[in-house]
Every structure is written in structure tokens, then in C-alpha cells.
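Peer 1: Just dropping this structure here.
The values are calculated or read from the model by the stated rules, or taken from the named source; none is laboratory data. All values reported here derive from a predicted model rather than from experimental measurement. Reconstructed Cβ throughout: ideal geometry from the backbone, glycine too, with neighbour counts over all protein chains shown.
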Amino acid sequence: MTHSPLDNEDKRSWCALGEEQEIAFINAHTFKDTVLSMNPEKDLDKYTFDMRINMPCDLKTIRTPWIYAKDKFGIDPKHAVSINQKDLRRYAELYPNIVIVFDVSFAEYRAIHFGTISHFKKLLEDGDMHKHEYQHRKNDTQGNAKISYVFDITKLPILR
């Protein structure tokens, strides 16, 4: 759809055009395991944010700090968490848009953080994820992860 140039001072026309473009964008785009929809609050407030996005998520409930993280990896134990290497690989392959939510509750630190595959790739590239091989799982046949990455959870955004 082509539009004639709009008057820069005609806010109503620009808002109407924006609404058309939002709907067109939502209708024209599909993503793997991700759904876009109009923000239902726009019915009440046309100036609120435009869309909602529904993405796959996985919850990691973290209740035990890595007490030796400072000695082994240089990470303050109150911020040290881990994620299994095999989980990250599986997520990246099957759910490229996944959001991983970390519910961290330690005596000295409580917060809910989130990360995407891109966040974890960046942490790896920057050397901020440290490989930990579980000594007692080398011959595991129960499906336990043999390798995890330990990292500082404060490097991921907080879910507010």
C-alpha cells in the first residue's frame, strides 16, 4: 500500500498510518515458535506499546550457589549460576527464540534474570562462561549433564 506524503504536523494521520503498519507487520511475519499479536491495551491507550510477543521459555530454578566459584572461576558465589551445555545446544537447535528464565534465590542474592541464545553466545565469546566438567558424571547413563557453564548471573538482564 502506498501513501501520499503526510503532513509532519498531522499527528492523527501518522497514528492511523502507524496502526495500519503494525497490523500489516503482524500479519506478514511468522517466526519459529514465536507469535506476535497486537497489544490489547491499545484499545484503551493508542499511545501504549504496539505488540505483544509470545516466545518459548524455560525456567531454571536456582537455589544453590556455586560456593567454589571465586576460587575456580573468579565469580562471586552469590552471583554464580550454571546452565547445562547440553541444554544450551538443544535450545539453540530446536528453539532459537527461546527465553531462559533464571529464578535465583540465595541467602545473599534474589532476582529473576533472563537470557536468550544470543546472550549466551556473547557470554561464551567474551569468556564469561566457564566450563565445568562433572567428575562423578563421566560415565553417567541416567541423562545427567556432564558439562555445565558457570557464569555471573548479573551479566543477564533482570526481568522486572
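Peer 1: Tell me the residue from Ser82, Ser148 that is within 14 Å of Lys60 (Cβ to Cβ), surrounded by 16 or more Cβ atoms within 10 Å (Cβ to Cβ) and at pLDDT below 95, please.
Peer 2: One residue alone meets the criteria, Ser148.
Peer 1: Considering only residues that are assigned to a loop (DSSP other than H, G, I, E, B) and without any contact (Cβ under 8 Å) to a residue 60 or more places away in the chain, look in region 8-39 and name the one that is nearest to Pro96 (Cα to Cα).
Peer 2: Thr30
Peer 1: Within the bounds of region 33-48, is there any residue that is at pLDDT below 90 and under 24 Å from the mean Cα position of the chain (by Cα)?
Peer 2: The answer is yes; a qualifying residue exists.
Peer 1: Still on this model: Does any residue of region 62-74 turn out to be touching a Ser or Thr at 6+ places or on another chain (Cβ under 8 Å) and loosely packed, with under 11 Cβ neighbours inside 10 Å?
Peer 2: yes
Peer 1: Among the residues of region 71-100, which ones are under 17 Å from Thr34 (Cα atoms), hydroxyl-bearing (Ser, Thr, Tyr) and touching a residue at least 60 places away in the same chain (Cβ under 8 Å)?
Peer 2: Listed by number, the list holds a single entry, Tyr95.
Peer 1: Just a yes or no: is a residue in region 43-57 free of Cβ contacts under 8 Å to residues at least 40 places away in the same chain, part of a helix (DSSP H, G or I), out of contact with any Asp or Glu (no Cβ under 7 Å at 6 or more places or on another chain) and not assigned by TED's automatic domain parsing to the domain that holds Ser118?
Peer 2: Looking for residues that are free of Cβ contacts under 8 Å to residues at least 40 places away in the same chain, part of a helix (DSSP H, G or I), out of contact with any Asp or Glu (no Cβ under 7 Å at 6 or more places or on another chain) and not assigned by TED's automatic domain parsing to the domain that holds Ser118, one finds at least one in region 43-57, hence yes.
Peer 1: Another question, if that's okay. Would you check which residues across region 21-62 are among the acidic types (Asp, Glu) and on the phi < 0 side of the Ramachandran plot and list them?
Peer 2: If the condition is that a residue be among the acidic types (Asp, Glu) and on the phi < 0 side of the Ramachandran plot, then Glu22, Glu41, Asp43, Asp45, Asp50, Asp58 are the ones that fit.
Peer 1: Is it the case that some residue within region 68-85 is over 18 Å from Asp128 (Cα atoms) and among the charged types (D, E, K, R)?
Peer 2: no
Peer 1: Same structure again: Which of the residues spanning region 87-99 are closer than 13 Å to Asp58 by Cβ and in a helix (DSSP H, G or I)?
Peer 2: Correct list: Asp87, Leu88, Arg90, Tyr91, Ala92, Leu94.
Peer 1: Return yes when Asp103 is part of a strand (DSSP E or B), surrounded by 11 or more Cβ atoms within 10 Å (Cβ to Cβ) and in contact (Cβ under 8 Å) with a residue 40 or more places away in the chain and no when it is not.
Peer 2: Against the criterion (part of a strand (DSSP E or B), surrounded by 11 or more Cβ atoms within 10 Å (Cβ to Cβ) and in contact (Cβ under 8 Å) with a residue 40 or more places away in the chain), Asp103 qualifies.
Peer 1: OK, next. Which of the residues that make up region 27-38 are of a type outside the set (Ser, Thr, Tyr) and either touching a helix residue (DSSP H, G or I) at 6+ places or on another chain (Cβ under 7 Å) or under 18 Å from Pro56 (Cα atoms) (or both)?
Peer 2: His29, Phe31, Lys32, Asp33, Val35, Leu36, Met38
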